[in-house]
Amino acid sequence: MEVRLRESSWGYLATATPGQNDPIIIPRGKTTGGSSSINGQVLFRGIPQDYDNWAEWGNSEWAFTNVLPYFKKLENDLVFPRRRFPRE
């Protein structure tokens, strides 16, 4: 569902620039809490075997041990204490 069509968003659009087909949606919350009530970000790690399979199929850079440091960088929250994965 597009955020601009929901009752909880103001439905702002940025003007399209040359080369763009459509204007850019600017989600701005119209609820208590403002935009933080409709914006969010989620990161899911795949299982290590999937990454290792990709490495075996020809791209060794995708091995889980190679991508794990980047997951850790993404998961480094400067506001909330970091919870470690139990098997790392």
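Since every read-out is calculated from the coordinates, none of them should be taken as a lab result. The shown structure was predicted, so the numbers you read here are calculated from the model rather than taken from an experiment. A quick note on method: Cβ atoms are made from the backbone with ideal geometry, for glycine too, and the neighbour counts reach across all protein chains shown.
Enumerate the pairs (first residue in the stretch 30-47 and more than 30 Å from PHE64 (Cβ to Cβ); second residue anywhere and aromatic (Phe, Trp, Tyr)) with beta-carbon separation below 9 Å, excluding pairs fewer than 6 apart on the same chain, so at least 6 apart or on different chains.
Pairs found: LYS30/TRP10.
Among the residues of the stretch 13-67, write down those that are charged (D, E, K, R), surrounded by 13 or more Cβ atoms within 10 Å (Cβ to Cβ) and part of a loop (DSSP other than H, G, I, E, B).
Scanning the stretch 13-67 gives ARG28, LYS30, ARG45.
Scan the stretch 40-59 for residues that are in contact with a helix residue (DSSP H, G or I) (Cβ under 7 Å, 6 or more places away or on another chain) and under 30 Å from SER9 (Cβ atoms) and report the count.
Qualifying residue count for the region: 2.
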